[in-house]
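A short worksheet on the structure shown next.
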Amino acid sequence: MALLAGCSAFGGGGSGAGAETGTAVPDEQVAVGNEAAGATDVNQTLRITVDETTAGSEWAEIGATYPRDRFVVDSATHEAITLGVDTDGDGEIDRRFNETHVSGVNNNEFSFDVTLDTGYTLQEGDVIVVGYPAVDNPDDPGEYEVEIRLNGEQTVTGTVTVE
């Protein structure tokens, strides 16, 4: 799995909604900043492509569920979460959203959900990207499936590789 070098290419909270270019979207559905077994506070960048299920609705929620008893998901502050949309499929973030668009962040030991007030209408083919900075990798190397949810209506499964 190619890394998004600490996911630094996606950057921090951004400067609000607006067109920005030059920010790469990883090809994987899940890219991790540190693949090492037992690594803590790992930034994980998750992506999901909008399909007909959520197209036409406002982007209001994104979340992920990790395998129980393997990963630990800690809480993250609104400003630590990164959010963006690749609107034209070129692999570059075209719209960024910051902490002012986050209305809530909920987590338990194995999942997180970010609720949003973006005013952004999802279009089929948009690639929604979220960076969550507070995931602890399992102690055992392997491939693990992560469920990624968009607006509570669309779900995909990505794979995290831990070495």
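The values are calculated or read from the model by the stated rules, or taken from the named source; none is laboratory data. If you're wondering where the values come from, they're calculated on a predicted model, not measured in any experiment. When we count neighbours, we look across all protein chains shown, and the Cβ atoms used for this are built from the backbone with ideal geometry, even at glycine. Side chains included, ligands, DNA and RNA excluded: accessible areas come from the protein's heavy atoms. Shrake-Rupley method; radii C 1.70, N 1.55, O 1.52, S 1.80 Å.
Here are a few things to note about the model shown:
- Local electrostatic count, Asp86, Cβ distance below 10 Å [Lys/Arg +1, Asp/Glu -1]: -3
- With the whole protein complex present, His78 retains an accessible surface near 60 Å², based on a 1.4 Å probe.
- Net +/- balance of residues flanking Thr53 in space, Cβ distance below 12 Å, scoring K and R +1, D and E -1: -3
- Burial order of peptide ranges 28-36, 80-88, 64-72 (average beta-carbon count within 10 Å, highest first): 80-88, 28-36, 64-72
- Paramagnetic reach from Glu35 (point 7 Å along Cα→Cβ, amide N under 17 Å) across the stretch 140-160: 140-146, 158-160
- Formal net charge of residues neighbouring Val42 (Cβ-Cβ distance under 9 Å; K, R +1; D, E -1): -3
- Average accessible surface for the stretch 82-163: 41 Å² per residue, computed with a 1.4 Å probe over protein heavy atoms with every protein chain in place.
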